[in-house]
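Colleague: Quick one: structure below, then a few questions.
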Amino acid sequence: MEADLSLCKARDLLRLAEMAAARHGGVTLTDITAEFGTDHRSAQRMVRAFETVFDNVEITIDDERRRHWRLRGTRLVAMQGMRSDELVALEIGIRRAQREGAENEVHALQSLRDRLLAAMPAAHARRIEADAEPILEAYAFASFPAPAPDGIVPQVLEAVAEALKGPYQLEIDCAGEDGHARAPRLVEPHGLIMDGGHCLVARDPDRGATMCDFPLEQIRAARLVMRTFQRDPAFSIEAHAARAFGGRHEENENGAIVWRFHPSVADRARTFMFHPAQEVTVEDDGALTVRFRSCGWQEMAWLLYQWDDKVFVLAPAKLADRVAGLQRRAIAPPCREGVCADGPCSGAVQPPFRPCTARHGAGQGGFVCPADRTERRAADHR
């Protein structure tokens with residue numbers, strides 16, 4: 001047991017050495033606590049051991065009086081080579097890039113993998129490849145609808161990458177949803193969304209400051225225009241991506257979203273991040289309420305269908321209408337107050353979802369409680 005603990009500590013020190021050598025500004029105690037999951041005192045003991053083992057540690061203090069540890073002369077770190085779990089991560093990254101049609105990322109990761117393996121002793125390289133093989137054989141990607149990898153023209157992805165480096169303007173030939181070619185457009189690339197398919201986010205200078213989304217599978221050709229432009233300093237690709245659920249921007253749908261999950265699936269729903277800026281509330285009865293602001297109701301409807309009758313749309317009302325009747329089992333929305341405006345609910349009480357047998361308006365399953373309609377209307381106008 002003591003030997004195992006000593007081995008774990010040695011591995012942690014080597015990992016700390018890698019961090020201190022790779023980061024130009026060095027590492028802080030905050031970095032160490034975040035990386036190793038330790039408290040502040042444990043991080044202090046760790047850096048004292050680090051200073052003892054490595055005699056080429058450089059310590060600097062920044063303007064906020066925080067200490068930074070940096071390792072000079074990284075020959076010992078470089079001699080470690082690559083580990084089997086790191087090779088597995090690289091190979092999975094290559095597969096994921098191939099699946100998404102990101103050929104430039106495939107070539108870059110393959111080149112990195114080959115260069116790292118070539119720098120290692122042959123016996124060591126063969127050993128980690130043998131260790132990684134059974135793990136890679138057990139990995140597979142789930143099937144889900146997305147553009148086929150060969151649907152993205154490799155030259156387009158390369159041109160977009162070069163344009164983002166500049167930044168340079170880009171002339172693109174797009175095809176509409178009907179497949180017919182559109183007139184070439186001169187755009188100013190600001191980012192690339194890479195989840196569920198690549199999407200170029202760019203500004204068309206002829207159409208003002210509004211950012212437009214161009215799915216890469218619809219771009220037939222792209223030509224780099226060696227003319228720079230000024231990026232919008234207020235634009236954030238992360239914020240832009242968060243405004244669209246599933247990567248689809250429909251500004252007329254942008255607004256407050258409120259979903260409530262049945263207690264029987266609340267624990268599982270709590271493990272999901274439905275949106276980067278979501279607010280999660282655990283109700284007294286065990287239900288889980290998720291709130292966020294976004295657009296893309298069609299993509300939300302596809303997701304909600306997977307939860308069958310265990311989720312209710314409280315806002316907006318139009319999204320609730322869109323998913324009405326699509327569940328595999330008939331459902332009724334939650335009557336949170338227990339009493340409707342026209343009288344008490346006469347349905348069987350099954351907290352927190354009480355079927356209201358009085359028809360107060362069209363909604364999920366044809367039943368809408370006035371309390372829920374009020375929340376939906378308020379959310380629609382927020």
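Derivation of every value follows stated rules applied to the coordinates shown; laboratory data play no part. Source: prediction; values computed, not measured. Note: ideal-geometry Cβ built from the backbone for every residue, glycine included; neighbour counts use all protein chains shown.
Colleague: Within 10 Å, count the other beta carbons around each residue, average over each peptide in 315-323, 108-116, and list them highest first.
Modeller: Going by the mean number of other Cβ atoms within 10 Å, highest first, we get 315-323, 108-116.
Colleague: Moving to a separate point now. Which order, highest average first, do 93-100, 267-274 follow once you tally other Cβ atoms within 10 Å for each residue and take the mean per peptide? Intermediate values should be presented prior to the final figure.
Modeller: On the way: 93-100: 17.0, 267-274: 12.5.
Descending packing order for the listed peptides: 93-100, 267-274.
Colleague: With a ≥ b ≥ c taken as the square roots of the eigenvalues of the C-alpha gyration tensor of the range 84-137, please select rounded if a/c is under 1.5 and otherwise prolate if a/b is larger than b/c or oblate if it is not?
Modeller: Numbers: a/c = 3.53, a/b = 1.52, b/c = 2.33.
Oblate is the answer for the range 84-137, as a/c is 1.5 or above yet b/c matches or exceeds a/b.
Colleague: Compute the distance in nm between two label points, each set 7 Å from the Cα along the Cα-to-Cβ direction, one at residue 231 and one at residue 83.
Modeller: Label-label distance for residue 231 and residue 83, simple model: 3.3 nm.
Colleague: Right, next: Once you list every other residue whose beta carbon is under 12 Å from the beta carbon of residue 224, what net charge do they have if Lys and Arg are +1 and Asp and Glu are -1? Provide the component values of the computation, followed by the final result.
Modeller: Values: positive: 165, 223, 227; negative: 158, 162, 171.
Surrounding charge for residue 224 is 0.
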